[in-house]
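A quick write-up on the structure given underneath.
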Amino acid sequence: MKSEHYLPFLQQKIQGIGSALFYSMSDAVLKFPTSIVNTLKVDEMGNVWFFTNRPGQYLHEFDWEFPARMQFYRKGKGYFLQINGKACIVNDPEEVNNLMVLPEETRNRAFDEMVLIRVKIGNVEYSEIKEKKIIPANNLMGWFIKIYNWLFPEPEKTETYTLSPNLILQ
């Protein structure tokens with residue numbers, strides 16, 4: 001895959017899953033807890049935007065930039081992603097308004113109860129889950145193979161691709 005196709009490919013795959021586990025990888029005493037987030041947007045600059053729950057502490061006590069990891073997985077999809085990057089707390093109402101058009105009530109509630117976070121995509125691991133062959137059990141050999149596979153299951157086969165940061169945005 002050519003490097004100019006990485007970002008649209010990632011946008012499509014992230015939007016296809018829609019939600020992720022968000023981990024703060026910071027060494028700070030106060031850090032955002034691990035949470036499930038729904039992506040709002042993946043922009044042309046390689047940023048993933050989402051809201052997360054506002055922590056009980058004052059927001060200014062947290063690091064405004066910190067390393068983060070996002071794991072995108074949805075049962076039934078044939079792929080999953082892991083993104084490492086730099087997260088940034090966005091607390092500017094102007095930037096929120098530019099990001100998306102939200103009703104006034106939703107915007108106010110979002111700033112009271114939620115925090116907007118932007119994760120700059122750094123390193124991406126994209127894995128495809130390989131389909132297992134289905135063996136018909138209509139004859140004696142098929143039954144033996146099916147019983148053998150049930151007793152000794154093979155782990156899921158995945159093929160992983162690592163996309164480096166300098167290839168994503170060129």
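Annotations
- Of the numbered criteria (1) modelled with pLDDT of 70 or more; (2) in contact with a strand residue (DSSP E or B) (Cβ under 8 Å, 6 or more places away or on another chain), the one GLY76 fails is (2).
- Scanning the range 94-105 for residues that are surrounded by fewer than 12 Cβ atoms within 10 Å (Cβ to Cβ) and either modelled with pLDDT of 65 or more or hydroxyl-bearing (Ser, Thr, Tyr) (or both) yields GLU94, ASN97, ASN98, PRO103, GLU104, GLU105.
- Residue in the range 54-65 that is surrounded by 15 or more Cβ atoms within 10 Å (Cβ to Cβ) and assigned to a strand (DSSP E or B) present: no
The values are calculated or read from the model by the stated rules, or taken from the named source; none is laboratory data. Since this is a predicted model, take the numbers as computed values, not measurements. Here the Cβ is made from the backbone with ideal geometry for all residues, glycine too, and neighbour counts use every protein chain on show.
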